[in-house]
1. Report, ordered by the first and then the second residue, all pairs with beta carbons closer than 8 Å, sequence separation of six or more or different chains, a first member in the range 191-217 that is among the acidic types (Asp, Glu), and a second member that is at pLDDT 80 or above and part of a strand (DSSP E or B).
2. Here is a list: Val229, Val200. Which entry is at pLDDT 80 or above and in contact with a strand residue (DSSP E or B) (Cβ under 8 Å, 6 or more places away or on another chain)?
3. What's the total number of residues in the range 130-152 that are in a strand (DSSP E or B) and either under 26 Å from the mean Cα position of the chain (by Cα) or among the charged types (D, E, K, R) (or both)?
4. Look at Phe284 and say whether it is under 23 Å from the mean Cα position of the chain (by Cα) and at pLDDT below 90.
5. I'd like to check something: does the range 98-116 contain any residue that is surrounded by fewer than 17 Cβ atoms within 10 Å (Cβ to Cβ), in contact with a helix residue (DSSP H, G or I) (Cβ under 7 Å, 6 or more places away or on another chain) and not aliphatic (A, V, I, L, M)?
Amino acid sequence: MAAPRIAAHPTSQAPLAPSTPARGWLAYLRARLRPARRLKLTREGKYFIAITFGVGILAINTANNLLYLLLGMLLSLIIVSGVLSEISLRHLTVIRRLPPRAQVGRPHLVEIEVFNHKRSLPSYAIEIEDLRDGQPADKRCFFLKISPRSAQIAAYRRTPARRGRDRHVGFRVATRFPFGLFEKSRELAADGELIIYPAVDPVRLPAHLPGRVSGGPTSHARGVGDEIVAVRPMRESDDPRDIYWRKSTLANHLVVRERPREARNDVDLRLDDVYPTPPASDDFLRRFEHSIRDVASHAVAHLRRGDSVRITLASNARVRASPAVGADPILRFLALLDPTPRSSPNPTPSGLPIPPPFTPPRRLLRHLFRTPRPPRMTP
């Protein structure tokens, strides 16, 4: 059972790439020169370092062999802590499993799997921090022990606060093993993207229009519905699959079933995504997010009732969904929707900018508006 799990995990994982030099060459150089490991002193580690310095000063001043022996033991604990923590961090692979969809205001689970590729040495006290682009890292998973050539799985719960793309960039793997004096960490690259759908509120829709047949959205016109309205003699253009054999007693007198035509309600929802002057104000963005939530709630309610929904934007973009497809196309479209600026006041029908007026050259003007000379008379 162990062989497939080993083959399913890569033996190494690339470190997190440094940031691009868009913020300046100094920040880019600092990111390039950043060490592969980061070391941070804990509160206990600060006390330990202070005691070590105190013992060293006393040993130098008094020349006492016992103090020198104690100083050597304290320094050896620092070295042992660094070696064991490095062993715990080496040869680890981290994998993230995101849910297929997420929604604002509803919690979802993210699984973190850590695999230890070491053959004989386990890893202790491993803390995995999930890193997201442009957002603070606030979710961690703790693994007490990861046996050699085995994997451990943990999960954390997260509730999104805004819609859009949630891009994961990597992990921060840290440990305080063995004495808790130092926290050594490294960063691993692991890209992942999750689309956060807008929140959906319960909406109470009005009843169906009068004239609908109870039990399904059908009308009394002829069609291909599921119910049977009446029977009639068969014509040449009828489908042989509609023959009602129980009533067709004679060979030359076939009877077919008449079915009602499905008449589902088509709902058209409109959304204003155009703001007048860039950049968009905070008040417009707040109203825009509220409109997206309201449109998403009404669209889901209509789809659950069996209606087809079409959303039309002020920028002439459209999206359509039916009960057979579900609400995923509409919710994904609304999750990735951004407001657009208003176009120029006098656009051309094709959407292209108006070309400047033609100005003829001066030589052409002189040729057109020069005074004609009288004809030369020959003697």
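The values are calculated or read from the model by the stated rules, or taken from the named source; none is laboratory data. Values in this document were obtained by computation on a predicted structure and should not be read as measured data. Neighbour counts are summed over all protein chains in view; Cβ atoms, including those assigned to glycine, are modelled from backbone coordinates with ideal geometry.
1. Pairs found: Asp191/Arg167; Asp191/His168; Asp191/Val169; Asp191/Gly170; Glu193/Arg165; Glu193/Asp166; Glu193/Arg167; Glu193/His168.
2. Just a single option satisfies the conditions, and that option is Val200.
3. 9
4. Details: under 23 Å from the mean Cα position of the chain (by Cα): no; at pLDDT below 90: yes.
No; evaluated as a whole, the condition is false for this residue.
5. No, every residue in the range 98-116 fails to be surrounded by fewer than 17 Cβ atoms within 10 Å (Cβ to Cβ), in contact with a helix residue (DSSP H, G or I) (Cβ under 7 Å, 6 or more places away or on another chain) and not aliphatic (A, V, I, L, M).
Here's the yes/no breakdown for (1) surrounded by 15 or more Cβ atoms within 10 Å (Cβ to Cβ); (2) modelled with pLDDT of 75 or more; (3) not hydroxyl-bearing (Ser, Thr, Tyr):
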position	(1), (2), (3)
Pro148	no, yes, yes
Ile153	no, yes, yes
Leu188	yes, yes, yes
Ile196	yes, yes, yes
Gly215	no, no, yes
Ala221	no, no, yes
Asp238	yes, yes, yes
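For (1) at negative phi; (2) modelled with pLDDT under 85; (3) not in a helix (DSSP H, G or I), each residue gets a yes or a no:
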| position | (1), (2), (3) |
| --- | --- |
| Ala7 | yes, yes, no |
| Thr11 | yes, yes, yes |
| Ser19 | yes, yes, yes |
| Ala36 | yes, yes, yes |
| Ala50 | yes, no, no |
| Val55 | yes, no, no |
| Leu74 | yes, no, no |
| Ile79 | yes, no, no |
| Val94 | yes, no, yes |
